[in-house]
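Reading through the structure tokens given below for one structure.
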Amino acid sequence: MTHPDPAPSRAGARPRVFSGMQPTSDLHLGNYLGALKQWVAGQHERENVFCVVDLHALTIPEAIDPAQLRARSRAVAAMYLASGLDPETATVFVQSHVPEHTEAAWLLNCVTPLGWLHRMTQFKAKTEGRASIGTGLLDYPVLQAADILLYDTDEVPVGEDQVQHVELTRDIAVRFHHLFGDVFVLPKAVVPTSGARVMGLDEPTAKMSKSIADERPGHAVRLLDPPNVIRKAIMSAVTDSERETRFEHASPGVRNLLTIWQVLSGRPMTDLEAEVEGKGYGALASEA
Ligand code: AQP
């Protein structure tokens with residue numbers, strides 16, 4: 001489905017940004033490079049609304065301890081600020097503290113065809129191998145649409161895995177407009193050119209993820225890991241037996257390390273390739 005680009009929501013105003021993270025566990029490098037880094041970089045040119053989306057963390061109830069969820073919500077908010085979000089320019093809040101999110105989700109549920117939700121790749125990925133699947137896991141993209149649409153959001157800075165949900169948000173808004181007239185600003189996803197999908201260090205064909213990092217040390221670099229743990233995870237990252245360190249010909253593991261290094265250093269990829277060419281993966285991992 002295609003829609004026209006959204007008109008600016010408030011004439012003359014700066015674009016409004018909304019985004020959030022689930023307090024399911026400690027944030028990792030993928031969360032930082034895919035989303036948080038962009039939030040911080042753009043904050044002075046935009047109106048900023050950033051949420052800790054604790055209700056989304058309930059979609060896998062077996063994994064939730066209520067006291068831990070409250071503590072993790074505070075920890076995620078603290079990570080937003082520690083990463084450089086300025087509370088003077090950004091509104092930071094916890095989703096469950098604003099009941100309008102769930103009220104709006106119900107209204108949007110009633111206009112969202114079930115088939116649209118079954119098509120979501122995150123739903124397919126998160127239900128794989130699960131004996132019991134809660135309705136919330138299917139429906140949470142509608143709550144996400146409510147989160148975004150409530151704030152007249154122009155831009156949603158996210159990692160690549162969330163782009164489909166932002167497109168669904170636009171589809172739901174357009175359907176609502178067909179039925180009831182124009183109400184919402186149509187948001188667009190904004191993904192970084194590099195680092196939009198950081199892959200697992202131990203499995204570079206799957207994205208780095210908080211829940212997998214809880215089960216497998218060496219899967220991710222968490223933002224609060226001490227330097228020796230980070231070094232160990234990077235040095236033991238899966239690469240391959242080839243000696244190719246040029247980005248376009250490299251294996252997924254090597255591409256992942258090159259991407260991480262490139263985004264964190266801010267240097268052009270060709271410089272980095274030249275620096276490690278012929279030196280093997282030890283050199284690449286040490287640099288990354
Ligand atoms: N590997 C990743 N690379 C780039 N961006 C990523 N994001 C997540 N993983 C990567 C982006 O981080 C933001 C917050 O994500 P989330 O908390 O809403 O949940 P998620 O996308 O489901 O992330 P995780 O880490 O995989 O968490 P769990 O394991 O709890 O499901 C989003 O902008 C996301 O795109």
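Summary of values
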item: Where Cα atoms sit under 28 Å apart: lysine pairs in the chain separated by 8 or more or lying on different chains; result: 18
item: Placed amide H near Thr112: partners under 5 Å, 5+ positions off or other chain; result: none
item: Karplus-derived HN-Hα couplings along region 35-42 (A = 6.51, B = -1.76, C = 1.60, θ = phi - 60°), whole Hz, x at Gly and Pro; result: 10, 4, 4, 5, 4, 5, 4, x
item: Per-residue HN-Hα couplings for region 255-260 [Karplus 6.51, -1.76, 1.60; θ = phi - 60°; Hz; x = Gly/Pro]; result: 4, 4, 5, 4, 5, 4
item: Per residue accessible area of the chain, 1.4 Å probe, in Å²; result: 50 Å²
item: Amide H partners (placed H, <5 Å) of Gly20, local residues excluded; result: Cys51
item: Distant-in-sequence amide H partners of Glu47 (H built 1.01 Å from N, under 5 Å); result: Arg16, Val17
item: Selection from Ser96, Gly218, Leu114 lying farthest towards where the dipole of the chain points positive, charges on Cβ; result: Gly218
item: Residue-wise HN-Hα coupling along region 22-34, computed from phi with Karplus coefficients 6.51, -1.76, 1.60 (Hz; x: Gly, Pro); result: 7, x, 6, 5, 5, 5, 10, 4, x, 4, 5, 6, x
item: Centre separation in Å (Cα based) which lies between region 47-65 and region 108-123; result: 19 Å
item: For the chain, calculated [θ]222 nm from helices alone, where every DSSP H run of n ≥ 4 adds -39500 (n - 2.57); result: -12500 deg cm²/dmol
item: Total charge dipole magnitude, the chain, about the Cα centre, Cβ charges on Lys, Arg, Asp, Glu only, Debye to nearest 20; result: 220 debye
item: Solvent-accessible ranking of Lys232, Lys210, largest area first, probe 1.4 Å; result: Lys232, Lys210
item: Antiparallel bridges, percent of DSSP beta bridges restricted to the chain (to nearest 5); result: 10 percent
item: Accessible surface of region 16-190 [probe 1.4 Å, protein heavy atoms]: carbon and sulfur percent; result: 56 percent
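The values are calculated or read from the model by the stated rules, or taken from the named source; none is laboratory data. Model, not experiment: these values are computed from the prediction. A quick note on method: Cβ atoms are made from the backbone with ideal geometry, for glycine too, and the neighbour counts reach across all protein chains shown. Areas reflect the complete protein model, heavy atoms only, side chains present, ligands, DNA and RNA absent. Shrake-Rupley method; radii C 1.70, N 1.55, O 1.52, S 1.80 Å.
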